[in-house]
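Coordinate-derived values only; no laboratory data. Bear in mind the structure is a predicted one, so any value in this text is a computation, not a measurement. A quick note on method: Cβ atoms are made from the backbone with ideal geometry, for glycine too, and the neighbour counts reach across all protein chains shown.
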Amino acid sequence: MNLTSPRRSTQNDDENMAPVELPHVLVTVADDGTLTATVDGTPFDESEASAWTRATFGRLMDAITKDRTIAVRVEVRESDGSVFTDILRTRKPRRAVAPSDTPALETRRSRHARRVPRLSEVTAEGFVPGEDVAVATIVSHTDATGTGEARALVDLDDLPEGSSREVILLGRISGTFAVRRLI
């Protein structure tokens, strides 16, 4: 017994639907990382000056799908025998929005976006180079530099009202513990 009514198609559904039979793209990865591609069994040769590689996979897909205007089924066969399959759908066309004659209402988010942070810098030494350094009242984390110095910028507006205005830098590996007063 079916308790739900059948889904009705809308115009937007029809525009964004992929065709029933998608072009099949087969990408084969060689041991050296170069790629060869076929579309429905036909070699795809619209390559750049050099061979396709893992680094140019996105551009290869853009070229095959004509900048994502054609939906395709992609099968990638790695040199180790593993296979990855996916469907690349078309991008939705962007529609231009005409500017409004009425000014937009100011929101909390728009006011927050314009806020300039009030920052205070704290530094301490004795950390292991590259270690994760916790900044407490944990408002952020930072890394120690190659010389073992940790540097953190603290937005004073992020601190709770009435807080002591002190920050702790804690080395997660070295255990270095430094308390610094914010200016």
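The distance between label points at Glu166 and Ile87 comes to 6.1 nm (points 7 Å beyond Cα on the Cα→Cβ vector). Once the chain from Ala71 to Ile173 is taken as fully extended at 0.36 nm per residue, the excess over their C-alpha distance is 31.8 nm. Measuring r between the beta carbons of Thr34 and Thr145 and using R0 = 45 Å, the FRET efficiency lands at 0.70. Sorting the segments 53-63, 167-177 by their mean number of nearby beta carbons within 10 angstrom, highest to lowest, gives 167-177, 53-63. When each of the peptides 76-86, 22-32 is scored by the mean number of other C-beta atoms lying within 10 Å of its residues, the order from highest to lowest reads 22-32, 76-86.
With each label modelled as a point 7 angstrom along the Cα→C-beta vector, the Leu153-Arg59 pair spans 3.4 nm. Extension gain for Val128 to His24 (0.36 nm times residue separation, less C-alpha to C-alpha distance): 32.2 nm.
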